[in-house]
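Every read-out reported here was derived from the displayed coordinates using simple, explicitly stated rules and does not represent laboratory data. All of these numbers come straight from a predicted model, not from anything done at the bench. FYI the Cβ positions are ideal-geometry reconstructions off the backbone, even for glycines, and counts take in every protein chain you see.
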Number of protein chains: 2
Amino acid sequence: MKPNRKALHIRLYTTEALAAGNPILLTKDQVHYLAQVMRQKVGDQFTLFNGRDGEWIAELTSVQKNHADIHLVEQVRPQRAEPDIWFLFAPLKHQKNERIIAQATELGVSKIIPVLMKHGIVDKIHQERWQLCAAEAAEQSERLTVPIIEELTPLTLLLSKWDNTRTLIVADESGAGKTTAEILGTLKAPIAMITGPEGGFAQAELALLRGFPFVRGVGLGPRILKADTAAITLLSLLANQCGDWNLQPEFRSA
Amino acid sequence: MKPNRKALHIRLYTTEALAAGNPILLTKDQVHYLAQVMRQKVGDQFTLFNGRDGEWIAELTSVQKNHADIHLVEQVRPQRAEPDIWFLFAPLKHQKNERIIAQATELGVSKIIPVLMKHGIVDKIHQERWQLCAAEAAEQSERLTVPIIEELTPLTLLLSKWDNTRTLIVADESGAGKTTAEILGTLKAPIAMITGPEGGFAQAELALLRGFPFVRGVGLGPRILKADTAAITLLSLLANQCGDWNLQPEFRSA
């Protein structure tokens, strides 16, 4: 049975194991959302995913203000991984970060790494809130996984433990980057991308990056892009080139 | 003489003609910005562009609270047009629109057309404010033009007067769109793109669009993108494919 998207539009991410007969403990926020916000009743259905067991139809068997019981009806989508694309960025001002994380999640990255750079304006992040933000974007975008959000990591540390087989594309507005036409055509996952803070990469950071064999600098045209625009623009190109965009949304029909 | 970007980082858009000896009337807001915000003094330099006469170095010859006189020193960049890419979108909630307009400007579109659609939530727009927003993004992104922002136009009217030689790419998440790999490779300017409102295109709108020979529907992968993400993602792909991204920023150096 394929769920009809209109009738079954609530999707929730859970850490619980999903299998027929498994008891599922919803979080307090999820119960509140189902019962109070969406006013779901006994017998109403929604779907659950956990990043491991595919997507399941769940049916409410009891609903109280602070607790709900559900019954897992059946699996409607098998598990599938997102493309092996890592999204690295220098955190910007608060609201921009949450939007960038949601958009990167929609675009299908598997991992998000906030990177500490010299001209960055942020020296700590709200990792837990960002992870919730990614989960919400996964729910709404019909992903079957939630990207991992790592801790804020200094650029030098990140590069010192980098796996050489993962190409790192650097958004380089200095004029020294190659063109997208030169860089993109041959790229394949595993891949990663990195964009700088509002003030740009420091000269020393660009020099450091250029010294690694897995790094490719790319220019994004003659105009100066803001940091958040550059991040989503470069990710769009990489997701299109190295991702799974030969596929269509599963729950839509023309 | 090439201006050094650090020393000469103020760029202003003007509607005045730029030529040696021309008197230039700055707007009240521009005088305030130069004198009060940026604390510029007599002898300080910035640049001006008007979308027609290239970019000129201007030097302040007198600065008062409400008036400033300037002398045009010399042209530092000849006029250049942006790529012939039109960006059509269904207006979203207030703040999102201004961000989308700024980002589309950074990415180099020549025209922005807000489109009235059945599931849209907006039935009038702040055209003048949006035009200022585009001018500001042009100033900051080192464009030499400001994209034209048209009036809010009903989809049917827009299509009825469409020039057949301009391909219109529709972000079609229904599952009926072709893949980006099938659509993008052969595209050339003049081109346009359109994305729907948060509730998506209506079935009748998609059917209408598909009836025109200049329309190509494209899917953006298996995840459901939010309206603003879809707009900037599709534009990134088109700007990369049909734009001027073989060029680099002129005022940067590695």
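Observations on the structure shown:
- Average partner coverage of A:104-111, which counts Cβ from other chains inside 10 Å: 3
- Taking a straight line from the alpha carbon of B:Lys161, these lysines sit under 22 Å away, with near neighbours fewer than eight places off in the same chain left out: B:Lys111, B:Lys118, B:Lys124, B:Lys188.
- Axis-proximal residue, chain A, for the rotation superposing A on B (Cβ, Å): A:Ser236, 2
- Of every Cα-Cα pair in chain B, the percent that sits beyond 32 Å: 30
- Over all distinct Cα-Cα pairs of the stretch A:11-77, the Kirkwood formula returns a hydrodynamic radius of 11.7 Å.
- Look at the stretch B:142-148: the mean tally of other chain Cβ atoms within 10 Å of its residues' Cβ atoms is 1.
- Local electrostatic count at A:Ile121 - Lys and Arg +1, Asp and Glu -1, tallied over other residues with Cβ under 14 Å: +2
- Here the spin labels are modelled as points 7 Å beyond Cα on the Cα-Cβ line, and at B:Leu187 and B:Arg52 they lie 3.2 nm apart.
- Label point distance in nm, A:Glu59-A:Arg77, each placed 7 Å from Cα along Cα→Cβ: 2.2
- Helical content of chain A, expressed as a calculated mean residue ellipticity at 222 nm, amounts to -8000 deg cm²/dmol (DSSP H runs of 4 or more residues, -39,500 (n - 2.57) each, divided by residue number, nearest 500).
- For the stretch A:170-181, Karplus couplings with θ = phi - 60° (6.51, -1.76, 1.60), whole Hz, Gly/Pro x: 9, 6, 10, 8, 6, x, 8, x, 6, 7, 4, 4
- Less than 5 angstrom separates the built amide H of B:Leu12 from those of B:Thr47, B:Leu48, B:Phe49, all sequence-distant by 5 or more or on a different chain.
- In nanometres and ascending order, the distances from the A:Tyr33 label point to those of the other copies are 4.1 (point 7 Å from Cα along Cα→Cβ).
- Residue-count net charge about A:Arg52 - beta-carbon cut-off 14 Å; Lys, Arg +1, Asp, Glu -1: -1
- Other protein chain Cβ atoms within 10 Å, averaged over every residue that makes up A:235-242: 5
- Label point of B:Arg166 set 7 angstrom out along Cα-Cβ; within the stretch B:186-207, amide nitrogens under 20 Å from it belong to B:186-197, B:206.
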